[in-house]
Amino acid sequence: MREGRAFLERSLAAAADQPSTIERFWALWALGIVSVTQGDFSRVEAVEDECLSLAERLGAPEAITAARFLTCARWSATGQAARAVVLLTEILSPADGYGKPLAVHLLALGMRAFALLQLGEFTLAAESAEQLRKECERQGEQWMRSFALYYLSVAAMADNNHASAALYARASLTIRWQMHDTFGAALALDALAPALVASDPDQAARVIGLGDALWDSIGRSRMGSPELLAAREASEALTRRAIGDAAYMAANYRSDQSSIDITHALDLQAPD
């Protein structure tokens, strides 16, 4: 991901003196999304401003919606989930007055579920995630469906339904890994780990280590999100209590040295 971002930055810089185009907008938007996953929020904020300005100059309603989504993504990952929910609800409203391409509509549904999870609104988050999953299944869209499964896993874990949480997380992880989606796989591993503590704490320790290794390959751990970092620390604390510090460190170390092979975690499918 670091290499991809470097090429994107270089391409945008090389075309800086070219006329404003919708192609430049989407390249900037992609840079913003990558920067969110890496936790580089100062860069995201700068890209947001340029995206919105460019979209308005182009008079492109769909681009304006996408730029607003980028703001929501930053807010959701920086402890401002309540602000994100308000704007995402507006974006998803049929009367918001802006165009909503299918991809941005699905992203907004998913980001709303994510923001609600950060706020502890697990029932509402699950409802939004289920809406996203059904829409993806109607469209044959797998990548966003994997996000829905991740959100459903986190919501199920909050409801102490460890079995469903593990099923959803593994199903999400299967899709992510097949698509070589490092960021998505890291999220799914973080959801899987706490769901395994009660039944297989040694594997939970390995999964935490695999997640750490993937996040290290992306950029800033857990995007620097206070909620995601707290969840990771809680998973480690639970696992250490279950198997002890020495066993945890041994399993976590083996995982970290495993060349990020996560196929052992892909043996279950999503529940109906």
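The values are calculated or read from the model by the stated rules, or taken from the named source; none is laboratory data. Values in this document were obtained by computation on a predicted structure and should not be read as measured data. Don't worry about glycine lacking a Cβ; one is built from the backbone with ideal geometry, like all the others, and counts go over all protein chains shown.
Among the numbered conditions (1) modelled with pLDDT of 95 or more; (2) more than 15 Å from the chain's Cα centre (by Cα); (3) part of a helix (DSSP H, G or I), the only one that ASN160 does not meet is (3). Within the stretch 55-88, being touching a helix residue (DSSP H, G or I) at 6+ places or on another chain (Cβ under 7 Å) and of a type in the set (S, T, N, Q) holds for THR65, THR71, SER76, THR78.
Residue count for the stretch 161-186 satisfying the condition of being touching a residue at least 40 places away in the same chain (Cβ under 8 Å) and not small (Gly, Ala, Ser): 8.
The test for being hydroxyl-bearing (Ser, Thr, Tyr) and either in the same structural domain as ASP181 (by TED's automatic domain parsing) or surrounded by fewer than 18 Cβ atoms within 10 Å (Cβ to Cβ) (or both) holds for SER53.
Is there a residue being in a helix (DSSP H, G or I), hydroxyl-bearing (Ser, Thr, Tyr), over 22 Å from the mean Cα position of the chain (by Cα) and over 24 Å from ALA158 (Cα atoms) anywhere in the stretch 85-99? No: zero hits. Given the condition surrounded by fewer than 24 Cβ atoms within 10 Å (Cβ to Cβ) and polar (S, T, N, Q), answer yes or no: does some residue in the stretch 147-158 qualify? Looking for residues that are surrounded by fewer than 24 Cβ atoms within 10 Å (Cβ to Cβ) and polar (S, T, N, Q), one finds none in the stretch 147-158, hence no. Residue under question is SER35, and the condition is that it be in contact (Cβ under 8 Å) with a residue 24 or more places away in the chain, assigned by TED's automatic domain parsing to the domain that holds GLU121 and within 20 Å of ARG222 (Cβ to Cβ); does it hold? It is true that SER35 is in contact (Cβ under 8 Å) with a residue 24 or more places away in the chain, assigned by TED's automatic domain parsing to the domain that holds GLU121 and within 20 Å of ARG222 (Cβ to Cβ).
If you check LEU8 against the conditions, is it in a helix (DSSP H, G or I) and at pLDDT 90 or above?
Considered against the rule, which asks whether it is in a helix (DSSP H, G or I) and at pLDDT 90 or above, LEU8 comes out as no.
Please enumerate the residues belonging to the stretch 131-157 that are over 19 Å from LEU173 (Cβ atoms) and in a helix (DSSP H, G or I).
GLN131, LYS134, GLU135, ARG138, GLN139
Could you go through the stretch 59-68 and let me know if any residue there is in the same structural domain as VAL104 (by TED's automatic domain parsing), touching a Ser or Thr at 6+ places or on another chain (Cβ under 8 Å), in contact (Cβ under 8 Å) with a residue 12 or more places away in the chain and in a helix (DSSP H, G or I). No: zero hits. The criterion of being more than 18 Å from ARG222 (Cβ to Cβ) and touching a Lys or Arg at 6+ places or on another chain (Cβ under 9 Å) does not hold for SER93.
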